[in-house]
Amino acid sequence: MYEHVAEAVKEPQVVAVPPGTVCLRFETMKLYSALGAVRHLLETGQIERGDTLVDSSSGIYAHALALACHRYGLRCHIVGSTTVDRTLRVQLEVLGATLEQVRPSQDLRLDQNLRVARVQELLRQHPGHHWMRQYHDSIHYLGYRDVADLVGKEVPEGPLTVVGGVGTGASTGAIATYLREAGRDVRLVGVQPFGSVTFGAGHVSDPDMIIAGIGSSIPFHNVRHDLYDRVHWVNFDYAMSGAVGLLRASGVFAGLSAGAAYLATRWERSRDTGRTYVFLAADTGHRYVDSAYARHARAHGLDDLRPHEVTGQEELRHPWSTMDWPPLDGARRRGGELLAPRAV
């Protein structure tokens with residue numbers, strides 16, 4: 001018996017998905033991040049029961065942190081994106097978390113900057129609050145050791161490729177790290193939206209992209225670039241097609257990041273069938289029904305889709321680009337921003 005629903009909800013289903021891939025289908029993947037971080041903070045005395053934890057979120061992390069705070073008797077305040085829908089708002093309210101949303105914006109950079117600025121304002125007003133810093137603190141890697149252990153048990157031995165949205169780097173980066181520490185041969189493939197600066201695609205916009213959680217318009221300091229072997233950039237249209245294709249092929253109803261990861265996984269497997277491929281479905285598809293799944297009639301057949309193979313960020317273009325990481329010339333600069341690997 002689980003002591004709290006958060007412990008039960010975090011467990012992913014390990015699902016075989018044709019052709020020959022494995023999906024880790026989460027209801028709320030970031031529960032691993034939030035629970036692991038909160039436990040560590042409590043155990044090390046950095047926070048105490050009754051304290052208020054604060055962070056910014058586009059949706060998934062807000063739910064995860066609220067559940068973790070509920071589990072451990074903490075207060076939770078979220079500065080949310082406009083992508084936080086009514087269903088989540090009501091859950092947060094009942095769980096005792098407070099939510100404030102920044103003003104509506106179609107610009108991802110403006111949305112994220114507004115949220116971070118508001119968090120910093122709150123900390124000045126309430127210096128006793130604890131900022132979780134999900135974008136910057138490597139503490140969020142800790143909880144994913146359990147996911148790596150699960151993969152080690154459920155997925156047959158042999159070479160493994162993990163595919164998933166980069167986001168803060170804590171999920172894909174941590175899972176690959178712990179699997180490698182256990183001696184597994186692991187390649188890590190990161191998925192990004194166009195417009196994300198994390199791997200230098202800030203110059204290629206995608207106004208329709210609504211999966212802000214897998215990319216960033218501002219630097220995320222806990223992304224370890226050196227962990228990744230390949231990167232895929234997928235636009236909204238192709239991510240939607242991937243999500244619809246995933247549902248049709250397997251019955252897995254997941255978010256847009258899962259659709260993009262499924263698309264990337266199919267391509268990687270077509271290039272090397274000697275490995276087992278595991279891709280992450282970080283959330284369910286419910287909040288994407290109107291914005292994505294309702295357009296299923298216009299989804300592309302996945303067998304007809306091919307990425308642009310590029311050698312540098314200056315070659316990136318819609319609807320789908322991919323390249324080895326690091327780039328062949330070793331250059332990791334875009335617009336003056338250094339993208340070199342960095343330790344956490």
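The values are calculated or read from the model by the stated rules, or taken from the named source; none is laboratory data. The structure presented is a predicted model; accordingly, all values stated were derived computationally and were not measured. Cβ atoms come from the backbone with ideal geometry, glycine included; neighbour counts cover every protein chain shown.
Whenever a residue of segment 11-23 is within 24 Å of Gly143 (Cβ to Cβ) and modelled with pLDDT of 95 or more, its partners that are surrounded by fewer than 14 Cβ atoms within 10 Å (Cβ to Cβ) and not polar (S, T, N, Q), lying with C-beta atoms within less than 6 angstrom and at least six residues away or across chains, give the pairs Val14/Glu154. Could you tell me whether any residue of segment 260-275 is surrounded by 19 or more Cβ atoms within 10 Å (Cβ to Cβ), assigned by TED's automatic domain parsing to the domain that holds Glu314, out of contact with any helix residue (DSSP H, G or I) (no Cβ under 6 Å at 6 or more places or on another chain) and closer than 25 Å to His136 by Cα? Yes: one or more hits. Pairing residues of segment 114-135 that are more than 20 Å from Ala37 (Cβ to Cβ) with residues that are not aliphatic (A, V, I, L, M), at Cβ distances under 8 Å and at least 6 apart in sequence or on separate chains, gives Leu114/Arg103; Leu114/Ser105; Arg118/Ser56; Arg118/Glu100. Which residues, taken from segment 152-166, are without any contact (Cβ under 8 Å) to a residue 60 or more places away in the chain and either crowded, with 21+ Cβ neighbours inside 10 Å or of a type in the set (Gly, Ala, Ser) (or both)? Scanning segment 152-166 gives a single hit, Gly152.
For segment 131-151, what are the residues that are in a loop (DSSP other than H, G, I, E, B), surrounded by fewer than 21 Cβ atoms within 10 Å (Cβ to Cβ) and either more than 19 Å from the chain's Cα centre (by Cα) or of a type outside the set (Asp, Glu) (or both)?
Of the residues in segment 131-151, the ones in a loop (DSSP other than H, G, I, E, B) are 132-137.
Of the ones still in play, those that are also surrounded by fewer than 21 Cβ atoms within 10 Å (Cβ to Cβ) are 133, 136-137.
Once the filter is applied, which keeps residues that are in a loop (DSSP other than H, G, I, E, B), surrounded by fewer than 21 Cβ atoms within 10 Å (Cβ to Cβ) and either more than 19 Å from the chain's Cα centre (by Cα) or of a type outside the set (Asp, Glu) (or both), segment 131-151 yields Arg133, His136.
Just to check your reading of the model, which residue among Ala249, Ala243 is buried (at least 23 other Cβ atoms within 10 Å of the Cβ), assigned by TED's automatic domain parsing to the domain that holds Pro18 and not in a strand (DSSP E or B)? Exactly one residue qualifies, and that residue is Ala243.
Only a single item in (1) touching a helix residue (DSSP H, G or I) at 6+ places or on another chain (Cβ under 7 Å); (2) not assigned by TED's automatic domain parsing to the domain that holds Leu246 is not met by Thr44, and it is number (1).
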